[in-house]
1. Based on the Cα atoms of the stretch 97-180, what semi-axes does the equivalent ellipsoid have, where each is the square root of 5 times one gyration tensor eigenvalue, given in whole Å with the largest first?
2. Within 10 Å of each candidate Cβ there may be at most 16 other Cβ atoms; applying that plus a DSSP loop requirement, which chymotrypsin sites (Phe, Trp or Tyr not before Pro) in the stretch 242-340 survive?
3. Pull out the extension gain between LEU265 and ARG101, defined as 0.36 nm times the separation in residues minus the alpha carbon to alpha carbon distance; nm, one decimal.
4. Could you state the number of Å between the C-alpha centres of the stretch 480-499 and the stretch 214-288?
5. Keeping all protein chains in place and using 1.4 angstrom, which order do ILE33, ILE285 fall into by accessible surface area, from largest down?
6. Provide the net charge surrounding SER323, with neighbours chosen by a C-beta distance below 14 Å and charges set as Lys +1, Arg +1, Asp -1, Glu -1.
7. Using the Cβ atoms and a cut-off under 13 Å, what net charge is assigned to the surroundings of PRO258, where Lys and Arg are +1 and Asp and Glu are -1?
8. Put +1 on the Cβ of each Lys and Arg and -1 on the Cβ of each Asp and Glu in the stretch 266-328; which of GLY280, VAL295, ASN325 then has its Cα farthest toward the positive end of the dipole?
Amino acid sequence: SVGERTPLDEEILSAEWTLLFWTSLAVIVPVIITLWCSAQRSKRKTHMKDFFRKSKHGWHYTDLFNKPTYCCVCSQHILQGAFCDCCGVCADEQCLRPADRSLPCKEIMAPSRPDGSMEHRWVRGNVPLASYCAVCKQQCGTQPKLCDLRCVWCQTTVHDDCMDNLTDAHQCDLGEFHSLIIPPHYLYHVNKLRRRLPDEYSKVFDLSQLTPHKALQLCTLLPPGKVRVLVCGGDGTVGWVLDAIDAMKLKGQDQFIPRVTILPLGTGNDLSNTLGWGAGYAGEIPVEQVLRNVVDAEVVKMDRWKVQVASKGLYFRKPKVLSMNNYFSVGPDALMALNFHAHREKTPSFFSSRIINKAVYFLYGTKDCLVQECKDLDKRIELELDGERVALPSLEGIIVCNIGYWGGGCRLWEGMGDEPCPPTRLDDGLLEVVGVFGSFHCAQIQVKLANPLRIGQAHTVRLVLKNSKMPMQVDGEPWAQGPCTITITHKTQALMLYHSSEQTDDDDDESSASEPESPTPHDSPRPPWLASARA
């Protein structure tokens, strides 16, 4: 009858419930397992973080090693565990505490042997790929076990069986990069002479917790004029370090001022490009070659500038003072930087890629092409170069440059070379001032379809924002500014390292023909500003 269930209906319903149960189980169980594993991993990492903080090793935990790795305690193959980024010791979770007790990390400060020499500090196993034995010249680390040894100071590798035949097996010369390494016995000796033993010099400096000024105090313990600082970051990070160096000058430590070089990891990297270190680094050059380039680099001077921002009507408040290395701008490029900065503050995890960052910049530039928020800038701003008023055409932006590159690799002042103009230099005490007609004009300049308006060069630049609010930036640090007076004056000079890129075959032929008896020790012709600075 109607409404009564037949045995077949009961069987179908039972099958449906069974299917629903197992489907739910197949979905819920993996989720529960994943959440439990995540909770356990988080708990484990919290426990390990406290352990790592107390350890003298620079431990870093990893869920998966990127190459075959063996525990330095039990010699077993490990997939997850921890490694010390200072000495290279590796251990699985069960062997972490024994490794911490029995395998000491390399000492930053320690006495030398009676004859003044330094011993090797050997670590067994997990030698770098493509390592070769210092005795037999055959490849090391090829066996599927914990084998062979590496000195964590000079990076010499040697087979276990060849160790007895190694010349000077107990004397380390710090290897190829000895000029970039602070020997532990040097710090020990200097501090003994000064009759003080600062504990902070026996640790590794973590710049996420300390200011660079603290780490740069090491320069006062080293021979004057010998220190090089490699800044791994963008132009903002370089400015952060240069400000710390300026603090050293204020303390009368000029003779210990380090030479600064850059490994470009930022978005724009215009300063790095100007100094020959490239527009970005993604690991395409081995670290060893980067260090060789640092050793061979030339010392040049770079002007640094003081930007004073005095807000209108706030006479009793001190002007805001900023340091400038690259450029100051008001207008569309500052607006794009301001929008980018605001969204990065809200969701910093999204802006983890250089490509994504540039794409976001492009989107904001496209939006401003339609909105034109900075139009009629010439009616809102007065510009003075070395005290003389400059008449402005209908502009949307003004850019004041200290270096040759702008906007992620664009030669702003020289442009496309269709109009002769004096070249930019880092050490001439002059600023180059240009104007742009909008975001679309900025885009044209970056793809070399247009030139900016060259306004002039000056030792002092003064801008007066008469009304409204405009976006401004100094070296990529943007803000929205109301009516004010901005004065840019020379501050000081920094000692930077310039890298000569590889020379082409045509350049080699020309140089060999013109100077057969006096070959230059560098790889490529120097830019005009560098040649003039060294003349």
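The values are calculated or read from the model by the stated rules, or taken from the named source; none is laboratory data. Predicted model only: the values in this text are computed from it and were never measured. Counting neighbours? That spans all protein chains shown, and the Cβs are built from the backbone with ideal geometry, glycine included. To get the accessible areas, we keep the full protein, side chains included, count just its heavy atoms, and leave off ligands, DNA and RNA. Shrake-Rupley method; radii C 1.70, N 1.55, O 1.52, S 1.80 Å.
1. The equivalent ellipsoid of the stretch 97-180 has semi-axes of 22, 17, 12 Å.
2. Those that pass, being in a loop and sparsely packed, are TYR315, PHE316.
3. That works out to 55.4 nm of additional length.
4. Rounded to whole Å, the Cα centres lie 17 Å apart.
5. Correct descending sequence by accessible area is ILE33, ILE285.
6. -1
7. Once all neighbours under 13 Å are counted, the net charge is +2.
8. Comparing the listed Cα positions along the dipole, ASN325 ranks first.
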